[in-house]
Structure formats: structure tokens, C-alpha cells
Amino acid sequence: MNFSRALVALLAGTTFGFGLALGGMLDPSVIRGFLDFFGSFDPRLGFVFAGAVLVSAAGHALASQLVRPALAETFALPARQKIDAPLIGGSALFGAGWGMVGLCPGPAISGLALGVPSIFIFTISMLVGMAAHGLWRRQNSATYLRA
């Protein structure tokens, strides 16, 4: 990776982490409050999501006007665009875990800097789960790729 790409990656990651902290996404109680529709609902996270959608939409609109990215030869787009059972199941599993624990990968990694033991436990568990999925995927690659 050249210096320009590394610098842009560092700035993007720092901005992302700052945005997560500013939006309260490093605090699991904020996440659970947003998902508690019938209890002590806290709508603040909805504004974080709306801001993220606006920034993403602007980036997508800009990228669609470009012939190629500024710091790469081609755009890295997903090869598969099909909505299938693994995508739906994975999304449901992610959402259930996010709702129960109040953390997802980005905030968990950013939250490691806080030194909270529960965030370390979550991150280690997440990495173990990712490794287990990688092993399962390699063992079932023929079936997985046909789906």
C-alpha cells in the first residue's frame, strides 16, 4: 500500500471511529435504548443512521460519476448481488446479536481503546466466530458458492 492510500485509510478510519464515538455507538446502552420500542426508547441513534445514509448516498452519487477511483485502478464491488438464504440468515443473526449485546464490529473495535472488559470479550468472541465461519466456508465452498 502506498503512502497516499495508507494516509487516506488512516483518515477514514479515524473519522469513522470519531463518528461512532460522537454518535454514542460505543455505548451499548444507547444501542439497546434505540431498539427498545416498547420501553425507554431513545431515538438519537436514528439521527446517526440518517446522517450515515446521507453521507453514503453522496459518496455513491460521486463514485457513479467517476471513471475510476482516485487511489485504485478499479472500484471494488461485490461480485454477488443476489439476496439469498445465507444473506438473510446472516443479517438476522447480526441483528439479533447487535440487539442483545449492543455492539457490532466497528464500534467494538473502536471501543477497544476504552479498555472495557466486556468489549474485549465481545471482540475476541467475534474474531473466533469469524474464524469458525472461515473454516466452515472453506469446507463447504462448493455448496456455498453455488447458492
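Each reported figure results from applying straightforward, stated rules to the coordinates on display, with no laboratory input. Note that the coordinates shown come from a computational prediction; the quantities given were computed from them, not determined experimentally. Positions of Cβ are backbone-derived with ideal geometry, glycine not excepted, and every protein chain shown enters the neighbour counts.
Cα centroids of the range 111-135 and the range 1-56: how far apart, whole angstrom?
The range 111-135 and the range 1-56 have Cα centres separated by 18 Å.
Take every Cα pair under 8 Å in the range 1-69 that's 6+ residues apart, average their separations, divide by the length, and report that relative contact order as a whole percent. Provide the component values of the computation, followed by the final result.
Working: 24 pairs, mean separation 11.0, N = 69.
Relative contact order, the range 1-69: 16 percent.
For the chain, set up a Gaussian network in which alpha carbons nearer than 10 Å are linked by springs, and say which option among L20, L71, L103 fluctuates the most.
Highest fluctuation among the options: L71.
Which whole DSSP H helices in the chain pass both tests: a Cα extent of 15 Å or more along the axis and a mean Kyte-Doolittle value no lower than -0.5? If you can, show how the numbers build up before the last one.
Details: long enough: 3-22 (28 Å, 1.55); 44-65 (33 Å, 1.20); 85-101 (24 Å, 1.24); 117-139 (33 Å, 0.74).
The answer, listed by residue number, is 3-22, 44-65, 85-101, 117-139.
Which of M126, M100 has the fewest other C-beta atoms within 10 Å, and how do the rest follow up to the most? Mind showing how you got there, number by number?
Values: M126 17, M100 12.
Lowest count first: M100, M126.
Report the residue, chosen from G24, G102, G134, that carries the largest GNM mean-square fluctuation when the chain is represented by alpha-carbon nodes joined by springs under 10 Å.
Top of the fluctuation ranking is G134.
Add -39500 (n - 2.57) for each DSSP H run of 4 or more in the chain, then divide by its residues: what number comes out at 222 nm, to the nearest 500 deg cm²/dmol? Please report the intermediate quantities before stating the final value.
Values: 7 runs with 103 residues, N = 147.
It lands at -23000 deg cm²/dmol.
Mind putting a number on the dipole of the chain about its Cα centre? Charges go on the C-beta only, +1 for Lys and Arg and -1 for Asp and Glu, and I need it in Debye to the nearest 20.
Values: 9 positive and 5 negative charges, 102 e Å.
The calculation lands at about 480 debye.
So what is the relative contact order of the chain, in percent, for Cα pairs below 8 Å that sit 6 or more residues apart? Before the final figure, lay out each step's value.
On the way: 71 pairs, mean separation 39.4, N = 147.
Contact order relative to length: 27 percent.
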